[in-house]
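Contents: one structure, followed by commentary.
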Amino acid sequence: MHSGHILLEEPIRMSSILESSKQSFFPAMTKIVGTLGSKSRSVEVISSCLKAGMSVARFDFSWGDIDYHQETIENLKLAVKSTKKLCAVMLDTVGPELQVVNKSEHSISLEADAFVVLTPDQNQEASPQLLPINFGGLAKAVKPRDTIFIGQYLFTGSETTSVSLEVSEVKGDDVVCVIKNSATLSGSLFTLHMSQIRVDLPTLSDADKEVLSTWGVRNNIDFLSLSCTRHAEDVRHAREFLSKLGDLSQTQIFAKIENVEGLNNFDEILQESDGIILSRGNLGIDLPPEKVFLFQKAALYKCNMAGKAAVVTRVVDSMTDNLRPTRAEATDVANAVLDGSDAILLGAETLRGLYPVETISMVGKICAEAEKVYNQDLYFKKTVKYVGEPMTHLESIASSAVRAAAKVKASVIIVFTSSGRAARLIAKYKPSMPVLSVVIPRLKTNQLRWSFTGAFEARQSLIVRGLFPMLADPRHPAESTNATNESVLKVALDYGKVSGVIKSHDRVVICQKLGDASVIKIIELEE
């Protein structure tokens, strides 16, 4: 985790900074997760988001009902069909999220040094003096001098749109607070967060289970974003529940780390989950601001070494209302890439922001620039050393493929896979060239019907840095012959040529299984 692993060892020529960035079929190796909502749910806007670089669509059930999100996902399906760009679906649970109930949806102006009462009586009307909340146990959870934050759709950090409260006294079920800064709460959703105080609510609520059993099953979700994961047991419980929902047994679980409790149990949570989301909105409140970067670097390092996808949130908040990010935000995006993030998650910026397409495009451009100066060679050595010896068979093949690609300066690595595991292992070493993951479908049966696997595996690589999937023809079985492998390889090479990542005389590294043997071969393309 030393800074030496971040940048190229040779100095960067200042003149090269001003050179125009080359456009590519793949805007960046780092993936972009976009939250679809009020400003980004039409077919036209979603299509533009996909073209701009969004590869995962996130549906946040903290707001909006099932019908609303179903209409949005139907539009996503139409956009995918028209753009011919794959897109994965992520369902974000509500979890133990505390919310202010603002039925009128009118703006609420709070003045510094005034008092406001938080009450579990949701029949009351929200006002500057009284804020109804959806949790009856607040009075038992807090004590005088505790800090409570309230803001719209997580916390912006802006002193005009988020408010800090200090608990003054507890009166029965009500909590009386002193307002620490003047702010105006506006919009349909205000969330409430108590710094370093545990909320005694289940991580996967009954409402979450209902959404998963209906909307989730109907739409074959690829990822479950498990909000406010506090223990490894939270992930095990969610996986047990998904296992009972047919195809959702294949859904990957990304643990969302939002507080100190999740931080303290990070290693165990990482081991149980398929990936990690660093929810820096809430983390930035639970942690002292000067400690947030340390957690990001430590968490991303652990995810990288474990070969599990890591997603960073809250990077360009200002683009919710502005066409350009701040200088600090642009640097923040680049640092997330240099720290090893697989994906950047955009929340309010695309959900209700004025410029969802421009935001995705801008983040993609910053990621692409950061990737150019990522020291892959040093990262590779660090990862190999961490894995140690003896390596497993698959790990050895994956690292060898990446090393070979670097030595011959290959333009792309093509890997044949059925489970997706081999492709993810290659991507774990963060090669500087794209990895085309050719997913070979497998025939399976539940004794009632036969079906092909592969769609989940292909879409789930859309959150892994540098991994770009294509689904092979199901007529080519996983245990294929040389002839059928060559046929699929031709399709993959043609795809690479059309997308612009492969051209004449380029070298390509191919990783495939022939019978019981795993083979790495290097080919040089002709005219």
(message) Of the conditions (1) over 27 Å from Asp317 (Cα atoms); (2) outside any loop (DSSP other than H, G, I, E, B), Pro144 satisfies every one except a single condition; which number is it?
(response) (2)
(message) Among the numbered criteria (1) open to solvent by less than 40 Å² (accessible area, probe 1.4 Å); (2) of a type in the set (A, V, I, L, M); (3) under 22 Å from Pro27 (Cβ atoms), which one does Leu86 miss?
(response) (1)
(request) May I ask you to say which residue of Ser62, Ser104 is modelled with pLDDT under 90, assigned to a loop (DSSP other than H, G, I, E, B) and under 28 Å from Asp342 (Cβ atoms)? (result) Ser62
(message) Given the options Pro144, Pro202, Pro120, name the one that is open to solvent by 70 Å² or more (accessible area, probe 1.4 Å) and in contact with a helix residue (DSSP H, G or I) (Cβ under 9 Å, 6 or more places away or on another chain).
(response) Pro202
(request) Please work out which one of (1) open to solvent by 50 Å² or more (accessible area, probe 1.4 Å); (2) modelled with pLDDT under 95 is the condition Tyr355 fails and give its number. (result) (2)
(message) Checking the conditions here, which among Asn264, Asn220 is polar (S, T, N, Q), closer than 20 Å to Ala310 by Cα and surrounded by fewer than 19 Cβ atoms within 10 Å (Cβ to Cβ)?
(response) Asn264
(message) Restricting to segment 275-285, name every residue that is open to solvent by 10 Å² or more (accessible area, probe 1.4 Å) and without any contact (Cβ under 8 Å) to a residue 60 or more places away in the chain.
(response) Arg280
(request) Grab the strands (runs of 3 or more DSSP E) fully contained in segment 166-256, keeping just those with 2 or more residues being of a type outside the set (Ser, Thr, Tyr), over 17 Å from Gly95 (Cβ atoms) and touching a residue at least 40 places away in the same chain (Cβ under 8 Å). (result) 174-179, 183-185
(request) Could you figure out which of (1) outside any helix (DSSP H, G or I); (2) open to solvent by 10 Å² or more (accessible area, probe 1.4 Å); (3) of a type in the set (A, V, I, L, M) isn't true of Val56? (result) (2)
(request) Tell me, yes or no, whether segment 273-293 has at least one residue that is within 26 Å of Ala427 (Cα to Cα) and assigned to a helix (DSSP H, G or I). (result) yes
(message) Just the residues that are hydrophobic (A, V, I, L, M, F, W, C) and under 14 Å from Gln196 (Cα atoms), please, taken from segment 261-296.
(response) Leu263, Leu283, Ile285, Leu287
(request) Could you tell me whether any residue of segment 112-122 is in contact with a Phe, Trp or Tyr (Cβ under 8 Å, 6 or more places away or on another chain) and at pLDDT 90 or above? (result) yes
(message) Consider segment 406-423. How many of its residues are at pLDDT 90 or above, buried (at least 24 other Cβ atoms within 10 Å of the Cβ) and either polar (S, T, N, Q) or under 19 Å from the mean Cα position of the chain (by Cα) (or both)?
(response) 1
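The values are calculated or read from the model by the stated rules, or taken from the named source; none is laboratory data. Please read these numbers as outputs of a predicted model, since none were measured by experiment. Cβ coordinates were reconstructed from backbone atoms using ideal geometry, including for glycine residues, and neighbour counts include every protein chain displayed. Side chains included, ligands, DNA and RNA excluded: accessible areas come from the protein's heavy atoms. Shrake-Rupley method; radii C 1.70, N 1.55, O 1.52, S 1.80 Å.
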